[in-house]
Amino acid sequence: MLRELILMADVDGLGLEGSIVKVNQGYARNYLIPRKLAVPVNQAALRRLEKNRREREERQQSELEAARRKAEALAQVSCTITVKVGEGEKIFGSVSVADILEALKAQGFDLERRRIILSDPIRELGVYDVKVRLHQEVEAAVKVWVVGE
C-alpha cells in the first residue's frame with residue numbers, strides 16, 4: 001500500500017524538498033518520518049512547508065546581498081606576496097591558496113580556503129587575477145602581485 005508524503009528535505013533518489021511523493025508504507029513509517037525527512041500530507045504540513053520556503057528564500061536573499069557587498073570590497077583589494085627568488089627570477093617553491101588567504105587575512109578579509117579558486121599554484125613572478133567564489137551566483141577577482149625579495 002502506498003502512502004502520500006511531503007518531503008521536508010531533499011532525499012536522494014526520491015525527490016526535492018517540498019515534493020509530494022507516494023512511497024511504500026514501511027519506507028515512510030520506518031525511514032522517512034522518524035528522520036523528519038517527510039510528513040504526511042495535511043493542511044498543517046502544507047502551511048509549515050510554505051513557511052519554511054519563505055524563510056529559506058529570505059535567508060538566501062540576505063546571503064546573496066552580503067556576498068555582493070563583499071565582492072565589491074574584494075574587487076578593490078590587491079595583495080602583494082613576497083617570495084624568495086633565485087637566478088633568472090625563478091621563485092623557490094610556489095604561491096598557494098594558503099599564502100593568498102594569509103595575505104587577504106592581513107587586510108581584514110577572513111575567507112574559507114574552498115572559496116579561492118586557483119587551478120595550479122603560482123610559480124612565476126607577476127600579477128595574477130585570482131577568482132574568489134563567495135556565493136553560488138557571486139564571484140570576485142582579487143589582484144595578487146607576486147614579487148621577489
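The values are calculated or read from the model by the stated rules, or taken from the named source; none is laboratory data. Nothing here was measured: the structure is a model prediction, and the numbers come from that model. Here the Cβ is made from the backbone with ideal geometry for all residues, glycine too, and neighbour counts use every protein chain on show.
Determine which single condition Asp129 fails, assuming it passes every other condition in (1) among the acidic types (Asp, Glu); (2) crowded, with 16+ Cβ neighbours inside 10 Å; (3) assigned to a strand (DSSP E or B).
(2)
Assess whether Glu149 counts as being in contact with a Lys or Arg (Cβ under 7 Å, 6 or more places away or on another chain), loosely packed, with under 10 Cβ neighbours inside 10 Å and at pLDDT below 90.
So Glu149 passes the test.
Of Glu57, Glu112, which residue is under 29 Å from Met8 (Cβ atoms) and either in the same structural domain as Ile6 (by TED's automatic domain parsing) or not acidic (Asp, Glu) (or both)? First the steps, then the outcome.
Details: Glu112 fails: either in the same structural domain as Ile6 (by TED's automatic domain parsing) or not acidic (Asp, Glu) (or both).
Only one candidate qualifies: Glu57.
Within segment 1-48, work out how many residues are loosely packed, with under 12 Cβ neighbours inside 10 Å and in a loop (DSSP other than H, G, I, E, B).
8
Okay, residues lined up against (1) surrounded by 14 or more Cβ atoms within 10 Å (Cβ to Cβ); (2) touching a residue at least 24 places away in the same chain (Cβ under 8 Å); (3) assigned to a helix (DSSP H, G or I):
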position: Glu58; (1), (2), (3): no, no, yes
position: Leu64; (1), (2), (3): yes, yes, yes
position: Ala67; (1), (2), (3): yes, yes, yes
position: Cys79; (1), (2), (3): yes, yes, no
